[in-house]
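**Student:** One structure follows; several queries about it will come next.
The values are calculated or read from the model by the stated rules, or taken from the named source; none is laboratory data. The structure presented is a predicted model; accordingly, all values stated were derived computationally and were not measured. Heads up, the Cβs are rebuilt from the backbone with ideal geometry, glycines too, and the neighbour counts pull from every protein chain shown. Accessible surface is based on the protein model in full, side chains and every heavy atom, while ligands, DNA and RNA are left aside. Shrake-Rupley method; radii C 1.70, N 1.55, O 1.52, S 1.80 Å.
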Amino acid sequence: MTAFLFGFAMVDNLLLLFINIYNIITLSDLETDLMNVRQCCTKLNQTLLPEFALHIMLTIFFIFSNHWFLFLFNVPLDLWFAFKCLKRQPGQLGFYDPLEINNRIRIAAKMRVNTSIDLNLRKLETFQIEFLNKKQQKDIIFFCAIIVYYSMLLYHGRNLFHHRLRTFKLYYSTSIIKPLNVAFFGSDLFSMDILEHLYRLFSTDKSRIGHLEVVTTISTSNIVMRGAEKLQLPTHTWPQVDSLISKSPIQFDVGILASFGQLLPKRLIESFPLGIINVHPSLLPRWRGSSPLIYTIASGDQISGVSIMDIRPKHFDIGPVLMQQSFPLTTHMTMFDLLKISADIGCSLLDTVLEDPIKARKNAQQQTSTGITYAHKLNKYAFYIDWHNHTVENIDRLYRALNQIANLRTIFRQKPVRLKLLTLIHDQNILDNLNTLSTQPGTAIYNKSLECICIRCKNGWIGFKKLAYQKSMYARDFQNGYISKTDRFIFDSIHNPLFDHIYDRRLPT
């Protein structure tokens, strides 16, 4: 059994030594630009599990052969490799990640540290094998060996700590940044504001952005498509992005995404050495999803913000936050007002990140597991008013959130009526008079002094100066054409699913 174990241990140790040399060659190829960072990390991660398995097999053999002291020798080694295999943040490729390793100082550091640790492990394993052939040595020699073994572990641990400390100081004092090749992903007005800012950087500061291309969706109303053509930027249509990944002569460094609305596949994210970052107009993890600006206004939030975060595959807005900035909301702010402020702050944060994207990502923070809310994609019913359940405040916020996209709506005779030019009624005499006439939600009454149609909702009255039913008309014309011809004119209520996601997620005052 001892002879068999000796032979197996020799083969096992040779295989581990081969893996160690293979990793050093791979990292050297990366440092000399013979392969890109994604290929390097893929190769390195593929060796982790075989290396771990070889260590585990050797430890198991020591158990079955009753070499308990040798078993104790291998336990720290197994724990070290288990740590390497399991040290993986959500969304990362593995122990070696393209987003972490793309810095020449850190590459050299990893090469030195891995070489030192792994070669010393080979020495220790060689000592173990020699010990198998000298089993008759006295126990005192073996205990001395154990002391030397753990002393070496402490020594290399201390050296590793000081080396990491020196690397940390060197990294933050002399960051190596080259002009970035950027691919931008976007599809709407918020995206266009970010793209225009990136184009200004690209055209005026070549030290920051060396190349810029655009990825967007196919749509007749896509403002980013038209904007990219006007700026004469190379454009790719989603989801045909093979020309960006494999066929492009440009090696892109980073992707920048803003309000794109599409889940990105893992292979696309991995093709960018610095990953893909998202400019998201909310204080994540609040209002993850496609419509954060609308939900912020509709929910009555008093504080909003912008988050720069890493994109992760398969899920929206779950990645670590690189930077974040908050700002207060005014009482009568509309969605477009919020969009403009968010875009300006997003551009400012993006400037800081692009100055040193590696440092920004090093300081990234994982999102908290509390306070998570979702801004789901809107459907047509999000524009309808539920007169029985919506308050004056709900309707006012809904109007400010949506009116610049499309008019709010209600139903009359099973046909939609578009509501325009909202008017808040503050005159108490008018409100008292309306309450004496009706308290039924949906009731519409024309008020001559305000020149608007006043409609009863859950807790009061709200006015609209213009309506569109078959054709657009002012309140007086709607009164003459429809309201005056019925004893009691009542609009139907339609359930609005947007508020289903808001009521239980409103922040405390």
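**Student:** What are the ³J(HN,Hα) couplings of region 288-297, residue after residue, when phi is run through the Karplus curve with 6.51, -1.76, 1.60 and θ = phi - 60°? Round to Hz, x for glycine and proline.
**Tutor:** 5, x, 8, 10, x, 5, 5, 5, 4, 5
**Student:** At a probe radius of 1.4 Å, what is the per-residue accessible area of R226, in Å² to the nearest 10?
**Tutor:** Only protein atoms counted, so the area is about 120 Å².
**Student:** Assuming 0.36 nm per residue, please report the length gained on full extension of the stretch W80 to R413 beyond their Cα-Cα distance.
**Tutor:** Using 0.36 nm per residue and subtracting the Cα-Cα distance, I get 112.6 nm.
**Student:** State the percentage of accessible surface on region 378-470 attributable to carbon and sulfur atoms; use a 1.4 Å probe and exclude ligands, DNA and RNA.
**Tutor:** 46
**Student:** Further question on the same structure: For region 308-354, with every protein chain kept in place, what is the accessible area per residue (1.4 Å probe, Å²)?
**Tutor:** That works out to 43 Å² for each residue.
**Student:** Here is a further query. Using the heavy atoms of the protein chains and a 1.4 angstrom probe, tell me the accessible area per residue for region 387-457 in square angstrom.
**Tutor:** Result: 48 Å² of accessible area for each residue.
**Student:** Can you list residues from other chains, or at least 5 along the same chain, whose modelled amide H is less than 5 Å from the amide H of T423?
**Tutor:** HN-HN under 5 Å from T423: G463, F464, K465.
**Student:** Filter the chymotrypsin sites (Phe, Trp or Tyr not before Pro) in region 187-247 to those in DSSP coil with at most 12 other Cβ atoms within 10 Å of their Cβ, and list the result.
**Tutor:** Passing both the DSSP loop test and the Cβ count: no residue.
**Student:** Another question, then. Could you pull the accessible area for Y381 with a 1.4 Å probe, rounded to 10 Å²?
**Tutor:** Per-residue accessible area (Y381): approximately 100 Å².
**Student:** How much length is gained on full extension from K359 to Q404, taking 0.36 nm per residue of separation minus their Cα-Cα distance?
**Tutor:** Using 0.36 nm per residue and subtracting the Cα-Cα distance, I get 12.3 nm.
**Student:** A further question follows. Hey, rough spin-label estimate for S449 and H495, points 7 angstrom out along Cα→Cβ, what's it come to in nanometres?
**Tutor:** Result for the modelled spin labels: 4.0 nm.
**Student:** Let me ask another. Holding the Cα-Cα limit at 30 Å, pick out from K206/K230; K380/K458; K377/K485 the pairs that are longer than that.
**Tutor:** K377/K485
**Student:** Using the Karplus equation 6.51 cos²θ - 1.76 cosθ + 1.60 (θ = phi - 60°), what ³J(HN,Hα) coupling, rounded to whole Hz, does each residue of region 300-305 give in order, writing x for Gly and Pro?
**Tutor:** x, 4, 9, 9, 10, x
**Student:** Taking a point 7 angstrom from the Cα of S369 along the C-beta vector, which residues in region 267-300 have backbone N less than 18 Å away?
**Tutor:** 285-286
**Student:** Using θ = phi - 60° and the Karplus curve 6.51 cos²θ - 1.76 cosθ + 1.60, what whole-Hz ³J(HN,Hα) does each residue of region 419-431 get, with Gly and Pro shown as x?
**Tutor:** Each residue of region 419-431 in turn: 9, 10, 6, 4, 10, 7, 9, 10, 6, 5, 5, 5, 5 Hz.
**Student:** Put a dot 7 Å past each Cα toward the Cβ at L437 and K266; how far apart are the dots in nm?
**Tutor:** 6.4
**Student:** Using a 1.4 Å probe on the protein heavy atoms, what percent of the accessible area of region 238-373 belongs to carbon and sulfur?
**Tutor:** Carbon plus sulfur share of accessible area: 54 percent.
**Student:** What distance in nm separates the two pseudo spin-label positions at T237 and I56, each 7 Å out from Cα along the beta-carbon direction?
**Tutor:** In this crude spin-label approximation the distance works out to 4.9 nm.
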